[in-house]
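The values are calculated or read from the model by the stated rules, or taken from the named source; none is laboratory data. Being a predicted model, the structure only gives us computed values, none of them experimental. Quick reminder, even Gly has a Cβ in these numbers, built from the backbone with ideal geometry, and neighbours come from all protein chains shown. Just the protein is used for accessible areas: all its heavy atoms, side chains included, with ligands, DNA and RNA removed. Shrake-Rupley method; radii C 1.70, N 1.55, O 1.52, S 1.80 Å.
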Amino acid sequence: MKYFGEGLSEKHKELSKLIRKRTSFDKAVRLFLELHASLHLSEVSGTPPNEVNSLFGDLSAEEASAMPEKNGETICWALWHMARIEDLTMNILVAENRQVLTESVRRKISSPITDTGNALTQEEIRTFSTQVCFSALIAYRNDVGQRTREIVSALTSDDMKRPVNKSSLDAVLAAGGVTTQPDSVWLLDYWGGKDITGLLLMPPTRHLILHLNDCSRWKNMLRKR
């Protein structure tokens with residue numbers, strides 16, 4: 001059921017049609033930035049308040065750390081998961097540069113992990129969610145979103161078919177972005193099979209739509225209790 005982002009899937013489909021074509025690349029970048037702006041707080045793109053502002057603006061830290069479904073996740077976990085994956089893929093794999101997360105940022109968030117959280121157990125998700133600083137987590141995600149916009153704005157049409165560099169995948173592992181656990185390390189094979197277009201169409205776009213819809217559903221569940 002749709003809880004978030006009415007019409008965004010259609011924009012994503014249009015982006016998929018445009019982004020590989022040299023003749024429509026500039027239009028694709030503009031569409032990417034428009035779509036991406038809808039998936040982050042408005043301060044990231046300098047646009048008017050949007051659905052993400054409504055989703056997180058009045059959310060308490062207690063709600064963000066609560067697990068609405070017995071065998072589910074939390075909004076805190078989803079925020080970390082979205083931000084880490086966008087950070088790793090856009091900065092290390094696409095830009096072949098440094099990630100936003102530093103040890104100082106991790107300490108501000110009070111995160112016990114540096115990976116994407118894919119392999120966390122239910123109990124570990126609960127512990128993680130009650131331990132992290134919600135406001136610092138939001139700030140980290142904002143910084144990641146701003147960096148993504150800078151990276152994508154600097155890309156050229158020739159970059160779109162560039163495969164992910166093996167050394168960049170090694171850098172993700174070295175940075176603690178994934179662990180060697182099966183539920184985590186598979187991400188390296190998944191990302192390694194993509195080109196730059198493939199990355200732009202998932203971590204900073206489609207992936208966010210899916211998880212923000214989950215967050216909206218969980219918030220709705222919590223508010224109905």
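Of note:
- Around residue 15: net Lys/Arg minus Asp/Glu count, Cβ-Cβ under 14 Å: +4
- Distance from the alpha carbon centroid of segment 127-163 to that of segment 202-222 works out to 16 angstrom.
- Local net charge near residue 213, Cβ-Cβ under 12 Å (Lys/Arg +1, Asp/Glu -1): +1
- Cα-based shape type of segment 45-148, given that a ≥ b ≥ c are square roots of the gyration tensor eigenvalues and the cut on a/c is 1.5: oblate
- Convex hull volume per residue in cubic angstrom - Cα atoms of the chain: 118
- Accessible area per residue was computed with a 1.4 Å probe on protein heavy atoms; residue 194 scores about 60 Å².
- Global form of segment 100-181, assessed from the alpha-carbon gyration tensor, a/c cut-off 1.5: oblate
- Annotation: per residue accessible area for segment 1-160 equals 46 Å², rounded to a whole number [probe 1.4 Å, protein chains only].
- Across the chain, C-alpha contacts under 8 Å between residues 6 or more apart give a mean separation that, scaled by the residue count, equals a relative contact order of 30 percent.
- At 1.002 mPa s and 20 °C, Stokes diffusion of segment 156-196 via Kirkwood alpha-carbon radius, µm² per second: 198
- Net charge in the neighbourhood of residue 75 (other residues with Cβ under 13 Å of its Cβ; Lys, Arg +1, Asp, Glu -1) is -1.
- Projecting the Cα positions of 188, 212, 29 onto the charge dipole of the chain (unit charges on Cβ atoms of Lys, Arg, Asp and Glu, taken about the Cα centre) puts 29 furthest along the positive direction.
- Prolate/oblate/rounded label for segment 1-83 (Cα gyration tensor, a/c 1.5): prolate
- Accessible area (Å², 1.4 Å probe, nearest 10) - residue 157: 20
- Whole-percent carbon and sulfur share, accessible surface of the chain, 1.4 Å: 51
- Anchor residue 70: aspartates and glutamates whose Cα lies under 18 Å away (excluding residues fewer than 8 positions away in-chain): 62, 123, 124, 214
- The lysines whose alpha-carbon is closer than 26 Å to the alpha-carbon of residue 194, local same-chain residues fewer than 8 away aside, are 11, 13, 17, 21, 27, 161, 166.
- Most mobile listed residue (176, 198, 117) in the chain, GNM with C-alpha springs under 10 Å: 176
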